2 protein chains.
Amino acid sequence: MTDARVAVTVDLVVLTVREHRLCALVWRRDRPPYAGAWSLPGGFVQLDEDLPVAAQRLMAERAGLAGVRVHLEQLATYGYPDRDPRQRVVSVAYLGLAPDLPASSRAQVLWEPVDDLTQRDQAAFDHRRILLDGVERARAKLEYSPLAAAFCPPEFTVAELRRVYEIVWGTPLDPRNFHRKVTKAEGFLVPTERTTTRDGGRPARLYRRGSAESLHPPMMRPAC
Amino acid sequence: MTDARVAVTVDLVVLTVREHRLCALVWRRDRPPYAGAWSLPGGFVQLDEDLPVAAQRLMAERAGLAGVRVHLEQLATYGYPDRDPRQRVVSVAYLGLAPDLPASSRAQVLWEPVDDLTQRDQAAFDHRRILLDGVERARAKLEYSPLAAAFCPPEFTVAELRRVYEIVWGTPLDPRNFHRKVTKAEGFLVPTERTTTRDGGRPARLYRRGSAESLHPPMMRPAC
DNA sequence: CTAATAGTGTCTGTAAGACAGTATTCA
DNA sequence: TGAATACTGTCTTACAGACACTATTAG
């Protein structure tokens with residue numbers, strides 16, 4: 001029985017919606033390997049540390065998001081032998097969904113549009129694949145879970161929630177049908193007494209996240 | 001930067017439908033730790049081995065399913081520090097869906113009903129949790145993917161496919177509505193010229209798996 | 001013949017998509 | 001006032017669920 005020991009890391013795919021684009025939190029690398037490329041924030045798992053704990057810790061230490069309310073879930077694990085040229089590394093990726101935050105407290109960490117990262121810029125290691133997997137997971141999650149609200153501030157309007165769907169899915173949605181569906185979905189939204197005019201026009205009611213963990217019926221992505 | 005090295009294993013949740021029950025492939029442990037308990041087949045990842053390759057290898061070596069057509073996908077990774085009393089082990093679990101096979105070639109490996117394993121018998125390590133996660137993944141996959149056919153032989157009838165859904169979901173389905181829905185779903189089933197009377201009654205057409213990777217519209221689990 | 005299963009058609013309620021129309025704000 | 005957005009209602013079509021009915025085998 002081979003008892004090989006390998007380094008285990010956690011890498012973070014942290015997504016948000018900023019300026020009408022889906023963005024991810026990345027480092028700009030200034031030293032080899034992959035100097036000049038972008039990479040996902042991440043780091044080694046410590047010896048007596050559970051994986052979700054490591055993800056939370058790295059969210060603060062490497063993503064600069066200490067004390068921020070972020071949904072975190074395990075995404076997948078990547079471990080082909082040559083993915084890091086220095087040593088064998090098995091990486092457990094976590095997916096985080098965050099509201100639009102002020103710029104990170106660390107200068108090295110930047111929000112970058114996902115499309116630019118995957119289509120234009122050079123990625124370190126297999127981080128392009130991990131990012132694409134995270135984006136696809138987020139797209140799927142919006143269908144059958146209320147996690148779109150994780151991209152919104154604590155109180156938000158139906159139109160803001162709709163823009164999250166439109167940007168993550170990359171497709172326009174009918175505002176009236178969206179409003180009807182989302183307000184009727186059991187446990188998705190809890191209305192507050194307050195309204196806002198930050199979107200212009202007639203004041204819109206503000207909502208909070210409901211307690212539902214899944215949506216019945218699910219939101220359907222168009223063009224299926 | 002802590003560079004801790006830990007042992008990495010792959011554990012397999014291999015499911016099938018046998019004798020009208022959802023069953024998993026398990027070992028009966030005859031030595032500590034957890035002597036007398038059941039455990040999932042698995043083993044260490046080798047130093048220059050990719051994770052899916054390790055899963056395939058262990059499917060042959062530890063599950064006794066060499067050369068069998070089994071759907072395999074990554075399930076999740078489990079790594080809390082004390083999950084193995086001997087050493088720190090991070091385990092990448094894979095989910096396998098297999099047709100009803102003749103008994104395994106290894107005497108130590110048995111198909112056991114999932115309900116017995118999770119409700120009655122003692123599990124080693126955190127394998128009860130891993131098994132439950134695998135079963136839940138399988139239940140969800142039947143909704144939006146054509147993977148139910150992975151539980152069937154290469155050619156199967158609509159009734160056999162329906163029984164897979166009924167057993168995995170644990171709920172009866174209307175045979176006529178199921179037939180209509182499943183035969184109209186684009187790319188799910190490919191009809192053959194052959195029929196069978198192995199279920200009794202009027203001969204039923206035999207189908208093969210289609211090429212679709214997802215179902216539109218999805219099959220819906222009742223009681224949602 | 002009967003029993004059993006395969007497969008089709010029909011009805012009804014619900015929900016999605018399209019979109020008219022009203023409500024309430026700002027400039 | 002008009003422009004913009006919020007919200008409600010209506011119509012059509014599609015599909016899920018319930019179930020009547022026909023088709024084809026074995027015994």
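The values are calculated or read from the model by the stated rules, or taken from the named source; none is laboratory data. Because the structure is predicted, anything quoted here is derived from the model rather than measured. For neighbour counting, all protein chains shown are included, and Cβ atoms are generated from backbone atoms with ideal geometry for every residue, glycine included. These area figures cover heavy atoms from the full protein model, side chains too; ligands, DNA and RNA do not enter into them. Shrake-Rupley method; radii C 1.70, N 1.55, O 1.52, S 1.80 Å.
Obtain the nm distance between the two label points defined at A:LEU47 and A:THR171 by a simple spin-label model: each point lies 7 Å from its Cα along the Cα-to-C-beta direction.
5.1
Which distance in nm do the two modelled labels at B:HIS71 and B:LYS184 give, with both placed 7 Å along the Cα-to-Cβ direction?
2.3
If you filter segment B:99-162 for trypsin sites (Lys or Arg not before Pro), then keep DSSP loop positions with at most 11 other Cβ within 10 Å, what is left?
Values: sites: B:ARG106, B:ARG120, B:ARG128, B:ARG129, B:ARG137, B:ARG139, B:LYS141, B:ARG162; in loops: B:ARG106, B:ARG120.
Filter output for segment B:99-162: B:ARG120.
Could you pull out the trypsin sites (Lys or Arg not before Pro) across segment B:178-224 that fall in loop regions by DSSP (anything but H, G, I, E, B) with no more than 15 other Cβ atoms inside 10 Å?
B:ARG198
Please return the longest range in chain B lying between exposed loop sites, taking GluC sites (Glu not before Pro), DSSP loop only, at most 12 other beta-carbon atoms within 10 Å, and leaving the sites out. Don't skip to the end; give the middle numbers.
Working: sites that count: B:GLU19, B:GLU186, B:GLU213.
Counting only loop sites that pass the neighbour cut-off, the longest clear stretch is B:20-185.
Could you list log10 I(q)/I(0) for chain A at q = 0.12, 0.18 Å⁻¹, which the Debye formula gives when each Cα is one point scatterer?
Listed by q, the Debye log ratios stand at -0.69, -1.32.
Given +1 on the Cβ of Lys and Arg, -1 on the Cβ of Asp and Glu, and no further charges, what dipole in debye does segment B:113-203 carry about its Cα centre, rounded to the nearest 20? Numbers along the way, then the final one.
Working: 15 positive and 14 negative charges, 65 e Å.
In debye, rounded to 20, segment B:113-203 gives about 320.
Leaving ligands and nucleic acids out of the surface, order A:HIS71, B:HIS179 by accessible area at 1.4 Å, largest first.
Working: A:HIS71 55, B:HIS179 85 Å².
Descending order: B:HIS179, A:HIS71.
Any chance you could check segment A:28-65 for residues losing 40 Å² or more of accessible area when the partner protein chains are in, compared with the chain on its own (1.4 Å probe)?
Buried on complex formation: A:PHE44, A:LEU47, A:ASP50, A:LEU51.
Run the accessible area of segment A:146-209 with a 1.4 Å probe and give the carbon-and-sulfur part as a rounded percent.
On the way: 1700 of 3460 Å².
Whole-percent figure for carbon plus sulfur exposure: 49.
Just flag the trypsin sites (Lys or Arg not before Pro) in segment B:1-94 sitting in loop per DSSP whose Cβ has no more than 12 other Cβ atoms within 10 Å.
Of the trypsin sites (Lys or Arg not before Pro), the ones in loops of segment B:1-94 whose Cβ has at most 12 other Cβ atoms within 10 Å are B:ARG69, B:ARG86.
Using a Gaussian network for chain B with springs between C-alpha atoms less than 10 Å apart, which of these wobbles most: B:PRO154, B:PRO32, B:PRO113?
Its mean-square fluctuation being the largest, the pick is B:PRO32.
Cα convex hull of segment B:49-171: how many Å³ per residue?
Values: hull volume 16.5 nm³, N = 123.
Taking the convex hull of the Cα positions in segment B:49-171, it is 134 Å³ per residue.
Compute the Rg to Rh ratio over segment B:145-209 from the alpha carbon atoms, using the Kirkwood formula for Rh, and round to two decimal places. Kindly include the intermediate steps, with their values, before the conclusion.
Details: Rg = 11.1 Å, Rh = 12.0 Å.
Across segment B:145-209, the Cα-based Rg/Rh ratio is 0.92.
Segment A:80-121: which residues show an accessible-area loss of 20 Å² or more, assembly versus chain alone, 1.4 Å probe?
With the partner chains in place, segment A:80-121 has these residues losing at least 20 Å²: A:TYR80, A:PRO81, A:GLN87, A:ARG88, A:VAL90.
How far, in nm to one decimal, is B:THR118 from itself in the other copies if the label point is set 7 angstrom along Cα toward Cβ? Shortest first, please.
3.3
Hey, with R₀ at 51 Å, roughly what FRET efficiency would B:GLU61 and A:GLU213 work out to, going by the Cβ-Cβ distance, to 0.05?
Details: r = 38 Å, r/R0 = 0.75.
For B:GLU61 and A:GLU213, the calculated efficiency is 0.85.
Positive end of the charge dipole of the protein assembly as shown (Lys, Arg +1 and Asp, Glu -1 on Cβ, about the Cα centre): tell me which of B:LEU22, B:LEU161, A:LEU22 has its Cα farthest that way.
It is B:LEU161.
To the nearest 10 degrees, how steeply does helix A:51-61 sit against the main Cα axis of chain A, on a 0 to 90 scale?
80
Over segment B:65-224, give the accessible area per residue in Å² for a 1.4 Å probe, as an integer.
Normalised by residue count, the accessible surface of segment B:65-224 is 50 Å².
In degrees from 0 to 90, rounded to the nearest 10, what is the angle of the helix A:127-144 Cα long axis to the longest principal axis of chain A?
So the helix axis and the longest Cα principal axis differ by about 30 degrees.
Given a 10 angstrom Cα cut-off, can you work out which residue in B:ASP82, B:ASP115, B:ASP48 is the most mobile in a GNM of chain B?
Largest GNM mean-square fluctuation: B:ASP48.
Given the rule -39500 (n - 2.57) for each run of at least 4 DSSP H residues, summed and divided by the residues of chain B, what is its mean residue ellipticity at 222 nm, to the nearest 500 deg cm²/dmol?
On the way: 5 runs with 57 residues, N = 224.
Taken over chain B, the calculation gives -8000 deg cm²/dmol.
Subtract the Cα-Cα distance of B:GLN108 and B:ALA4 from 0.36 nm times their separation in residues, and report this length gain in nm to one decimal.
Numbers: separation 104, 0.36 × 104 = 37.44 nm, distance 3.43 nm.
Length gained between B:GLN108 and B:ALA4: 34.0 nm.
Apply the a/c threshold of 1.5 to the C-alpha gyration tensor of segment A:1-110 and tell me whether it is rounded, prolate or oblate.
Details: a/c = 2.10, a/b = 1.50, b/c = 1.40.
Verdict is prolate for segment A:1-110.
Helix A:175-184: angle to the longest alpha-carbon principal axis of chain A, degrees 0 to 90, nearest 10?
Approximately 80 degrees, to the nearest 10.
A:TYR34 versus A:GLU193, label points 7 Å from Cα toward the beta carbon: distance in nm?
5.1
In whole percent, how big is the carbon plus sulfur part of the accessible area of segment A:7-143, probe 1.4 Å, protein atoms only? Write out the running numbers ahead of the final one.
Working: 2710 of 5700 Å².
Ligands and nucleic acids excluded, carbon and sulfur reach 48 percent.
With solvent modelled as a 1.4 Å probe, how much accessible area in total do chains B and A shield from it at their shared surface, in Å² to the nearest 100?
Buried area between the two chains comes out at roughly 2800 Å².
With +1 on each Lys and Arg Cβ and -1 on each Asp and Glu Cβ, how big is the dipole of the protein assembly as shown about its Cα centre, in debye rounded to the nearest 20?
Numbers: 64 positive and 56 negative charges, 216 e Å.
The calculated dipole for the protein assembly as shown is roughly 1040 debye.
Would you mind working out the magnitude of the charge dipole of chain A relative to its Cα centre, with +1 at each Lys and Arg C-beta and -1 at each Asp and Glu C-beta, to the nearest 20 Debye? Please report the intermediate quantities before stating the final value.
Numbers: 32 positive and 28 negative charges, 128 e Å.
Dipole about the Cα centre, nearest 20: 620 debye.
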